[in-house]
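The values are calculated or read from the model by the stated rules, or taken from the named source; none is laboratory data. Bear in mind the structure is a predicted one, so any value in this text is a computation, not a measurement. Glycine also receives a Cβ, built like all others from the backbone with ideal geometry; neighbour counts cover every protein chain displayed. SASA here: full protein model, heavy atoms, side chains in, ligands and nucleic acids out. Shrake-Rupley method; radii C 1.70, N 1.55, O 1.52, S 1.80 Å.
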Amino acid sequence: MCMHYLQMSSTMEPLIDTIIVSSLNAGADCIQVYDGTTGTQLKSYRGLPAAPSTLCLVGHGAYLMAARRDKPFLQAWPIHRHEALQIRLVVPGRVNAMAVSSTGSKYCIIGISEKLYVYKLLSGRLIGVASRHYQPITRLVFTPCGNYFASGGEDGFVYLWSLASFIEALHKYDAPQVQPHFILGQHSDKVTDLAMTSFGIRGFLVSSSLDHTARVFDLVTGRPMYNLVTSGGVTSVACNTLGSQLFLGHNDGTVNIVNLLPAPPHGDVQVTSRGVECHQKAVKCLAVTTSGNQLVTGGDDGEVKVWSVISGGQGTLGSNKVNDSHIALQRVVHMGRGPVTNLSIVRTERETLTTAELDIKEVIAPFSQDHSSPLAVPTIVPIRGRGKQHLQELDLINFTPELSVQQNAISEGISGTNDDLQSSINQLQTANTQLFKFALRHIIDEERDL
């Protein structure tokens, strides 16, 4: 039920591991940021309470995004500012889960009830809608490459989706319903969390459930590898960068460590140890640093704790010989604000959070309100030069030729007379000329500021 480790692109040293937390009763400052090493609070973000499983990083550390709890709206913050952006990010319903691709063109996947909505952040355009889950979606996570994402729901199903299939369907008027790339499996109770290794589509995905199991899936073949059976409901899951170590949070407040190296035989694996008592209530969020040396836990008791991961000698996992590891408490960094709803570790430089001005090249556009036909939404083309940005974050320079003019031009070109065809061509040439002059003028203006 949390967002796992994300890394910002950085050119300054030194880098620090920051812990980003949202809580149910956080007040006006709905998100807090802490230094993972010292536990001191570095920053907070003002807004309405964030919905669970919706805290996301956009681009290379440009923005934070989260859905509002019980409201059909998203909110976004420039990473260096206390206040949220004043843009309308309205969605069709209350958001249960959300994820944003970290590479390439930024896409936002939103789970509303049992449906998936795919938006492109650059234009705010709705790319597609899919409905395969039978009950509300509980968790979404992208592969590191951004080409695939996984979904889990209250129906217990875990699916792997190809983003390309949504984009392909967008350009077909009679495209069939988008289908999952893989049906990975089904738990007998709701899916509570998903975690993915840094290898992405060449690695594996871990799902946790209240049915007392966590399942490991091979994303190359779509087949299950391990079914980890525990003594209680698994409420959260995380893995280290290599995927050699899994951390399972339980509804009784304990955390189990499962080592997958040396790899046990595929199939059922019994987790026999009781685990470490980390919280007085359910462990809802887990995150691991890139080094794998620290684990951060967040629970329904309202506390966020930092633990050292200590590798031990040889132990046993069921009948399999594995490396025995344990965790030791370092510090409590957050408390007294109600149950933790989102948790992430972000590696960045301290100055990013404290600077007054930051050159942000990423764009978040207002979301389209036309959810009936993605093809009917006008295309918005933001133009930015190579020099310093003289625009505010969302004072975009938009060129939006009427889509109806283009569609009419195409249809007339197919079925009209020669005069109609020439008129359509003239309209398109005029629109292209306007776009070229518009872009050139602003690029030149930017370069003059250099």
Among the residues listed as Leu57, Leu15, Leu74, Leu24, the single one being under 27 Å from Lys190 (Cα atoms) and open to solvent by 40 Å² or more (accessible area, probe 1.4 Å): Leu24
Looking only at region 217-242, and only at residues there that are within 13 Å of Leu184 (Cβ to Cβ) and either of a type in the set (D, E, K, R) or not in a strand (DSSP E or B) (or both), the one that is most open to solvent (accessible area, probe 1.4 Å): Arg223
Near pairs, Cβ below 9 angstrom, 6+ apart or cross-chain, from region 356-370 (within 9 Å of Ala62 (Cβ to Cβ) and open to solvent by 20 Å² or more (accessible area, probe 1.4 Å)) to any residue that is among the basic types (Lys, Arg) and at pLDDT 75 or above: Leu358/Arg81; Glu362/Lys106
Candidate set from region 88-121 (those that are within 17 Å of Pro52 (Cβ to Cβ), among the β-branched types (Val, Ile, Thr) and over 12 Å from the mean Cα position of the chain (by Cα)); member that is surrounded by the most Cβ atoms within 10 Å (Cβ to Cβ): Val95
Which listed residue is free of Cβ contacts under 8 Å to residues at least 24 places away in the same chain, closer than 20 Å to Ala99 by Cα and within 16 Å of the chain's Cα centre (by Cα), from Ser162, Ser151, Ser198: Ser162
Near pairs, Cβ below 8 angstrom, 6+ apart or cross-chain, from region 131-146 (at positive phi) to any residue that is aromatic (Phe, Trp, Tyr) and open to solvent by 10 Å² or more (accessible area, probe 1.4 Å): Gly146/Tyr107
Set Leu57, Leu64, Leu74, Leu85: member being assigned to a loop (DSSP other than H, G, I, E, B) and touching a strand residue (DSSP E or B) at 6+ places or on another chain (Cβ under 7 Å): Leu85
Residues satisfying the stated conditions in region 136-168, i.e. open to solvent by 40 Å² or more (accessible area, probe 1.4 Å) and touching a helix residue (DSSP H, G or I) at 6+ places or on another chain (Cβ under 7 Å): Pro144, Cys145, Asn147, Tyr148
Residues located in region 277-302, provided they are part of a strand (DSSP E or B) and of a type in the set (Gly, Ala, Ser): Ala287, Gly298, Gly299
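Do you know which residues across region 88-98 are among the small types (Gly, Ala, Ser) and in a loop (DSSP other than H, G, I, E, B)?
Within region 88-98, just Gly93 meets the criteria.
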Search result, residues across region 196-207 that are out of contact with any Gly (no Cβ under 7 Å at 6 or more places or on another chain) and either under 11 Å from Gln186 (Cα atoms) or among the basic types (Lys, Arg) (or both): Arg202
Val255 closer than 17 Å to Pro136 by Cα and open to solvent by less than 10 Å² (accessible area, probe 1.4 Å): no
Long-range neighbours under 7 Å by Cβ, at least six apart or interchain, first residue free of Cβ contacts under 8 Å to residues at least 40 places away in the same chain and of a type in the set (Phe, Trp, Tyr) within region 21-47, second outside any loop (DSSP other than H, G, I, E, B) and open to solvent by 10 Å² or more (accessible area, probe 1.4 Å): Tyr45/Asp29
Contacts under 6 angstrom Cβ, first residue in region 72-95 being closer than 16 Å to Thr352 by Cα, partner part of a loop (DSSP other than H, G, I, E, B) and open to solvent by 30 Å² or more (accessible area, probe 1.4 Å), 6 or more apart: His80/Thr355; His80/Leu358
Entirely in region 116-166, the strands (runs of 3 or more DSSP E) that have 1 or more residues that are basic (Lys, Arg): 125-131, 137-142
Residue in region 384-392 that is modelled with pLDDT under 75, of a type in the set (A, V, I, L, M, F, W, C), farther than 25 Å from Cys278 by Cα and not in a loop (DSSP other than H, G, I, E, B) present: no
Selection count where residues are open to solvent by 50 Å² or more (accessible area, probe 1.4 Å) and either farther than 21 Å from Pro265 by Cα or not in a loop (DSSP other than H, G, I, E, B) (or both), scope region 200-216: 3
Selection count where residues are crowded, with 16+ Cβ neighbours inside 10 Å, basic (Lys, Arg) and at pLDDT 90 or above, scope region 309-352: 1
